[in-house]
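Structure first, then comments.
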Amino acid sequence: MNNQRQGVTEIDLPVVCVGGVTFKYEGSREPALSDINLRVDKGEFISITGGSGCGKSTLALCLAGFIPHHVGGEMSGSVIVNGMDSRQCPPQKLAGAIGLVQQDPEAQLCTLKVVDEVAFGPENLCLSREEIKDRVEWALGAVGSLHLRDREVYSLSGGEKQRIAIASVLAMKPALIILDEPTANLDPCGTTEVLQVIKKMEADTAVIIIEHRLRQLIPISNRLLVMDKGRIICDGEPGHVYKNYCSRQKYYFDFGYKTGEEESSNQSTTEERHSQANPVLSVRDLTVSCGGKRILEDINFDIHPGQITAVMGCNGSGKTTLLLSLLGINKLERGRIVYRSRDITAEKVSRRARHMGMVFQNPNHQIFENTVYREAALPSIMLFGGESAMNAGINSLLLEFDLLQYKEGIPFSLSLGEKKRLTLVSVLGYNPEMLLLDEPLIGQDYRRADIFWQAVLKHRSAGGMAVIVCHEPDFVRDFCNRILFLENGKLLLDSPVEEGFKLLEELGFKDYLPGSNVIGDLCYGQGS
Amino acid sequence: MARGLKNLFPGLAYMPGDTAVHRLHPLPKLLLLIIYSTSVIVFSHVVTALALFFVLLVFYGISGLGPGFFLRKLRVILLFGLLIMLIQVISVRQGYLLLEYAVFSSITLRIWSAGAVAGLVMMLRFINIIASSYLFVSTTDPNKLVYALMQAGLPYRYGFALITSLRFIPVFTRELTIIRNAQMAKGIDLEGMSPGKILRAVKYLLTPLVICALNKVDYLAVSMESRAFGLYSGRSYLFKQSVDKKEWLILATGTILLLAGGIFLTHCF
């Protein structure tokens, strides 16, 4: 496929030609894009990566015509799409040439049925009924989802929704399809589903994919672009770019690098084994149902001092429900939770939360107050009362997490990464013994993920524990002591990390194993 | 308490089925509903109101929903209807005296013929209008209805405003649950349903919900416009929602029967 795509590029006119584009958001001092020059040819497969906030998504909006038409700000330079100047054409007019698939599979589907969703674009183009029908069948076939044709959108899994989002864009037959972190919200199974679809796309459709996780993309890309502070700082053959640039910059966390501190994480397994006799938290026969449906069934495990436990499993396997049940938000149908020899099964959430601090996946669900400081202090005040005592502690945490400059600012104006840090600060502010983190790495680049890692390690070194729902096997290998793997609400395994991965391999869960270094194969094997 | 409230006000939703009422095209069905509701208002005789109620029960039967559904889903409507009747019975004092009953030594309940009839009519009219709307909603796929309305001339922007609203009801319900959980994890006590807790819940849940909704709206707008939504003043449709001759005939027959029956019964009694 790689060769097919490379063969096409040299003989056709560019699909997109970006000339010296600079864009500054309204009210912003720094430009989000600076002097971007980019040519995309028919059939090219380009991966774009870079730190969060480097301008990748802004570039996607610019290519699709939403900048300058719908996003406020100043733009200079030109974007020519299939011969049309984006400044003269609204996004709707560029729609037949460029398709955009976004990160959140839930928010980008606008109809009630799969077939209506895929037909939506061609219908807007006023195509004939026969043409629409052909396109719907073709697009659903291209993403391997013909069997979903008559399903209700709400009943689809995350991976299925993202496949339908791709099909709905493919049905427009665009010359270029842009995928902005299409796998960010998906579990490893869903990610594999979507990447398989992307790999099989027709060779004459150009593809731009924006991703942090490059492992499976490098071998199928023609070019890898790295962005930083609104500029394209590197553009070339993927293996070469990675070898000479990315690996040094440590943008990605899926290549398994380890710091000295992280090494000590695994060493602590021995230490942990010594303390097996005295678990801090014991869960016995935990069973939870919701709306008549069994979500978790007969879950048994212990958490020991200093333990970082990863909870893995497919979307819908009950991982988040498990955290919510530990905290008492989800009531148990049966079973028992014992914390420090005390049965807390019937205890109220507000009492349990003193010992267990939970950080949710989407910080927008947690943030409420009108200043960053008040938001950071809110759980401490709610759980323990008295603001003055923790004043110094909150301030030092805000400083540590690089948020002190926004202390009096509105939390909702922070970037997603900053909001995630703020929710962690608000929990660390009252120093609960156990951290419950629900997919803290979603949409985070290496640098931001690192902040979470360091916070968890520091918490452990101070005697704390953590239970982390995580889809990143490399992270689990490097930082966790134990794996709990859930499947359809049942605990499939509860093992030390290395043993756990071996068992997962034997059980056929290959998507959940730490990856081999694909880049290494590419650079030093076939690629070089 | 929350569960109690939910049972008292059951959800109004489409219930898929394959009966003649379900299969009828949404547009004639909507027109029949309008004509039926107009008949309920225009023909005020008690016999007509009873006849229209009987017609409604027949259609509930045909649609496979049955009296169980009627009593379960419309319990609160029936109770409200009885309350309306009671007020009429007590307040209207015309005609001849039907019943006289001493409730206490100082209070005597008198039921007059005009009051009883007026109460019955008011109750039946109220039930007929609400229950017929329930029947329509329960047997009509909202997706088909909106696509039919758009193909009949409703501007598609309004049509898709309705479709996206329906699409996001389960999404926002789920979001609200997550937000509630997230606020509880911060130590905010939202369990139970005391007035204070309800006020607190509104305060702590509404802001994050609005922020999440705005985020989703941004995504949705980009998703729709990047698929050419709004490019032309019209659009084509994959599925043609045309009304066939048989369905026009059903509409015409229904209209004639309702109007003729109403006039006949009003004049006879």
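A short reminder: the numbers here are calculations on the coordinates, not readings from a lab. This structure is a prediction, so every number in the text was calculated from the model and none was measured. Please note: Cβ atoms are built from the backbone with ideal geometry, for glycine as well, and neighbour counts cover all protein chains shown.
Tell me, what is the Rg over Rh of segment A:1-156, with Rh the Kirkwood radius over Cα pairs?
Numbers: Rg = 17.7 Å, Rh = 17.7 Å.
Here Rg/Rh amounts to 1.00.
Calculate the spin-label point distance for residue B:109 paired with residue B:38, positioning each point 7 Å from the Cα along the beta-carbon direction, and give it in nanometres.
4.0
Counting only other chains, and only Cβ atoms inside 10 Å, what mean value do you get across the residues of A:351-362? Numbers along the way, then the final one.
On the way: counts 1, 2, 5, 1, 0, 1, 3, 5, 2, 6, 2, 7.
Taking the mean over all residues of the peptide, I get 3.
Sum -39500 (n - 2.57) across every DSSP H segment of at least 4 residues in chain A, then divide by the residue count to get the 222 nm mean residue ellipticity, nearest 500.
-10000 deg cm²/dmol
Just tell me how shielded B:40-46 is by partners: mean number of partner chain Cβ atoms within 10 Å of each residue's Cβ, no decimals.
Details: counts 0, 0, 0, 0, 0, 0, 0.
For peptide B:40-46, the averaged partner shielding equals 0.
Mean shadow of chain B, computed from the convex hull of its alpha carbons, in nm²? Before the final figure, lay out each step's value.
Numbers: hull surface 83.5 nm².
Its Cα hull, projected and averaged over all orientations, spans 20.9 nm².
Could you please state, rounded to a whole Å, how far the C-alpha centre of segment A:293-319 is from the C-alpha centre of segment B:118-175?
Measuring centre to centre over Cα atoms gives 42 Å.
What's the center-to-center distance, using Cα atoms, between segment B:190-269 and segment A:73-130 in Å?
25
Once you compute Rg and the Kirkwood Rh from C-alpha atoms, what is the Rg to Rh ratio for the protein assembly as shown?
Working: Rg = 31.0 Å, Rh = 30.0 Å.
A ratio of 1.03.
Give me A:336, A:448 ranked fewest to most by other Cβ atoms within 10 Å of their Cβ, as a rough exposure proxy. Walk me through the intermediate numbers first.
On the way: A:336 14, A:448 22.
Fewest to most other Cβ atoms nearby, the residues stand as A:336, A:448.
Quick one: go through segment A:67-100 and flag any residue whose amide nitrogen is under 15 Å from the point 7 Å out along the Cα-to-Cβ line of residue A:204.
A:97
Going by average Cβ neighbours within 10 Å, how do the peptides A:480-490, B:157-167 rank, with the highest at the top?
Details: A:480-490: 21.5, B:157-167: 16.1.
Listed from highest to lowest mean packing, they are A:480-490, B:157-167.
Give me a comma-separated list of calculated 3J(HN,Hα) values for segment A:60-71, in order, Karplus coefficients 6.51, -1.76, 1.60 applied at θ = phi - 60°, integers in Hz, x for any Gly or Pro.
4, 5, 5, 5, 7, x, 5, 9, x, 6, 10, 9
Apply 1/(1 + (r/R0)^6) to the Cβ-Cβ distance of residue A:196 and residue A:133, taking R0 = 41 Å, and write down the FRET efficiency to the nearest 0.05. All intermediate terms of the calculation are to be shown ahead of the outcome.
Values: r = 25 Å, r/R0 = 0.62.
Rounded to the nearest 0.05, the efficiency is 0.95.
From the phi angles alone, apply the Karplus equation (6.51, -1.76, 1.60; θ = phi - 60°) to segment A:309-325 and give each ³J(HN,Hα) in whole Hz, x where the residue is Gly or Pro.
10, 9, 10, 10, x, 5, 4, x, 7, x, 5, 5, 4, 4, 4, 5, 6
Mind checking the dipole of chain A: about its Cα centre, +1 per Lys or Arg Cβ, -1 per Asp or Glu Cβ, Debye to the nearest 20? Don't jump to the answer; show the numbers that get you there.
On the way: 56 positive and 67 negative charges, 156 e Å.
About 740 debye.
Search the structure for amide H atoms under 5 Å from the amide H of residue A:41, placed 1.01 Å from N in the peptide plane, and list their residues when 5 or more places away or on another chain.
A:15
Spelling out what I want: for every residue of segment B:93-101, take phi, set θ = phi - 60°, compute 6.51 cos²θ - 1.76 cosθ + 1.60 (Karplus), and round to whole Hz; glycine and proline get x.
Computed from phi, the couplings for segment B:93-101 are 10, 9, x, 10, 6, 8, 8, 9, 9 Hz.
In Å³ and rounded to a whole number, note down the convex hull volume per residue for the Cα atoms of segment A:126-188.
Numbers: hull volume 6.7 nm³, N = 63.
For segment A:126-188, the hull spanned by Cα atoms encloses 107 Å³ per residue.
Rg to Rh for segment B:153-225: what is it, with Cα atoms only and Rh by Kirkwood? Please report the intermediate quantities before stating the final value.
Values: Rg = 15.7 Å, Rh = 14.1 Å.
Taking Rg over the Kirkwood Rh, I get 1.11.
Counting DSSP beta bridges in the protein assembly as shown, what percent are antiparallel, to the nearest 5?
Numbers: 47 of 82 bridges.
Looking only at bridges with both residues in the protein assembly as shown, the antiparallel portion is about 55 percent.
Counting other beta carbons within 10 Å of each Cβ, put B:210, B:46, A:476 in order, fewest first. Mind dumping the intermediate values first?
On the way: B:210 11, B:46 16, A:476 25.
Fewest-to-most Cβ neighbours within 10 Å comes out as B:210, B:46, A:476.
Highest mean first, what order results for A:215-225, A:47-57 on Cβ atoms within 10 Å?
Details: A:215-225: 20.3, A:47-57: 22.2.
Ranked by mean Cβ neighbours within 10 Å, highest first: A:47-57, A:215-225.
Expressed as a rounded percentage, what relative contact order does chain A have, with Cα pairs under 8 Å and six or more residues apart? It would help to have the intermediate numbers written out before the result.
Working: 1043 pairs, mean separation 78.9, N = 528.
Contact order relative to length: 15 percent.
If you line up the Cα atoms of segment A:374-494 on their principal axes, what length do they span on each, largest first, in Å?
45, 29, 27
Would you tell me the mean number of C-beta atoms belonging to other protein chains that fall within 10 Å of each C-beta in B:139-152, as a whole number? Don't jump to the answer; show the numbers that get you there.
On the way: counts 0, 0, 2, 1, 5, 2, 0, 2, 3, 0, 0, 0, 0, 0.
Mean number of neighbouring Cβ atoms from other chains: 1.
Taking amide H positions as placed 1.01 Å from N in the peptide plane, with prolines and chain starts having none, which residues 5 or more places from residue A:73, or on another chain, fall under 5 Å of its amide H?
For residue A:73, whose amide H was placed from the backbone, the distant partners under 5 Å are A:26.
Return the lysines within reach of residue A:243: Cα separation strictly under 22 angstrom, same-chain partners fewer than 8 residues apart disregarded; answer none if there are no such residues.
Within the straight-line cut-off, residue A:243 pairs with A:56, A:229, A:258.
Return the equivalent ellipsoid semi-axes of segment A:98-238 as a descending list in whole Å, where each equals the square root of 5 times an eigenvalue of the C-alpha gyration tensor.
On the way: eigenvalues 141, 56, 35 Å².
Semi-axis lengths for segment A:98-238 are 27, 17, 13 Å.
What angle, in degrees between 0 and 90 and rounded to the nearest 10, separates the Cα long axis of helix B:245-268 from the longest principal axis of the Cα atoms of chain B?
The two axes meet at around 30 degrees.
Check which residues have an amide H placed less than 5 Å from residue A:126's amide H, if you skip close sequence neighbours.
The list, which skips near neighbours in sequence, is B:236.
Placing +1 on the Cβ of each Lys and Arg and -1 on the Cβ of each Asp and Glu in segment A:356-431, which of A:376, A:425, A:366 has its Cα farthest towards the positive end of the resulting dipole?
A:366
Counting just the Cα atoms, what span does segment A:356-431 cover along each of its three principal axes? Round to the nearest Å and put the largest first.
Computed over segment A:356-431, the largest-to-smallest principal extents equal 29, 26, 20 Å.
For segment B:91-194, report the % of Cα-Cα distances exceeding 21 Å. Mind showing how you got there, number by number?
Values: 3682 of 5356 pairs.
The calculated P(r) of segment B:91-194 puts 69 percent of pairs beyond 21 Å.
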